[in-house]
Amino acid sequence: MKLLDRPIEVKPSIARSGDDPAHLAAIYDHEVALTLWSRPNPVTVPREDLDGLVGFNVTCSIGEVRHTINIALSGATARSWHVPLLADIVDLSHRFAALMEIDDVSIRLEAISGNACWKFHSDYVRARLLTTYVGPGTEWALQGENGLDDVHRIPTGHVGIFKGREWTPDGLLLHRSPPIAGTGDVRLLLVID
């Protein structure tokens with residue numbers, strides 16, 4: 001198993017990538033377990049701003065996302081990157097809710113400096129949106145007959161929607177947070193369910 005940090009070239013029926021956000025709707029294709037929106041990172045966060053950052057984990061109606069995230073960010077020292085971060089979280093929440101046809105979303109933002117979720121797994125949700133604003137992106141691999149195939153990494157700023165076990169109980173496409181303990185790396189990760 002080796003890490004591949006390049007565009008997807010294997011099993012395009014399982015994982016699809018494109019630079020148009022409408023491409024995320026491919027998650028509804030029966031064979032697809034992961035859709036990726038390739039985009040420039042919309043938020044520039046200096047590494048030093050992540051030291052001591054207290055993230056948040058909130059659930060709210062889609063109509064309350066901007067207000068709820070604004071309150072969640074208000075406890076931290078105001079930074080110039082809060083405005084584009086808020087705008088991106090609101091945008092991604094609305095896209096995800098529309099795509100999944102849901103009225104409420106759970107949103108988690110966290111700074112990670114250790115080996116959180118370092119084992120390959122499939123989440124017990126219908127679908128999950130992930131994007132990494134700072135640091136190495138989420139890794140994913142296909143479960144093959146002889147273990148995991150090559151490991152791929154989602155580039156920083158790109159958006160991935162993974163089908164969870166409630167949608168595909170077999171969980172053939174697995175993901176994890178890259179193990180970064182002791183490297184000095186810090187990740188700023190957004191998760192929307």
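For region 119-135, the count of residues that are acidic (Asp, Glu), within 27 Å of TYR28 (Cβ to Cβ) and either at pLDDT 90 or above or open to solvent by 50 Å² or more (accessible area, probe 1.4 Å) (or both) is at least one. Taken together, VAL54, VAL45 contain a single residue that is open to solvent by 90 Å² or more (accessible area, probe 1.4 Å) and either at pLDDT 90 or above or among the aliphatic types (A, V, I, L, M) (or both), which is VAL54.
All conditions but one from (1) open to solvent by less than 20 Å² (accessible area, probe 1.4 Å); (2) in contact with a Lys or Arg (Cβ under 8 Å, 6 or more places away or on another chain); (3) under 19 Å from ILE14 (Cα atoms); (4) modelled with pLDDT under 95 apply to THR138; the one that does not is (4). In region 30-42, the qualifying residues are those that are modelled with pLDDT of 95 or more and not aliphatic (A, V, I, L, M), and the one that is least open to solvent (accessible area, probe 1.4 Å) is THR35. Taking every residue in region 14-27 that is at pLDDT 95 or above and pairing it with any residue that is part of a helix (DSSP H, G or I) and open to solvent by 20 Å² or more (accessible area, probe 1.4 Å), at least 6 positions away or on another chain, the pairs with Cβ-Cβ distances below 8 Å are PRO21/ARG95; LEU24/ARG95; LEU24/LEU99; ALA25/LEU99; ILE27/LEU99.
Counting only strands (runs of 3 or more DSSP E) that sit completely within region 95-193, those holding 1 or more residues that are of a type outside the set (Phe, Trp, Tyr) and free of Cβ contacts under 8 Å to residues at least 24 places away in the same chain correspond to 139-144. Among the residues of region 57-90, which ones are closer than 21 Å to VAL159 by Cα and loosely packed, with under 14 Cβ neighbours inside 10 Å? Those that are closer than 21 Å to VAL159 by Cα and loosely packed, with under 14 Cβ neighbours inside 10 Å: ASN57, THR59, VAL83. Scanning region 98-118 for residues that are open to solvent by 70 Å² or more (accessible area, probe 1.4 Å) and at pLDDT below 90 yields SER113, CYS117, TRP118.
The values are calculated or read from the model by the stated rules, or taken from the named source; none is laboratory data. Computed from a predicted model, the values in this text were never measured in an experiment. Note that each Cβ is placed from the backbone with ideal geometry, even for glycine, and that neighbours are counted across all protein chains shown. Ligands, DNA and RNA are excluded from the accessible area calculation, which covers all protein heavy atoms including side chains. Shrake-Rupley method; radii C 1.70, N 1.55, O 1.52, S 1.80 Å.
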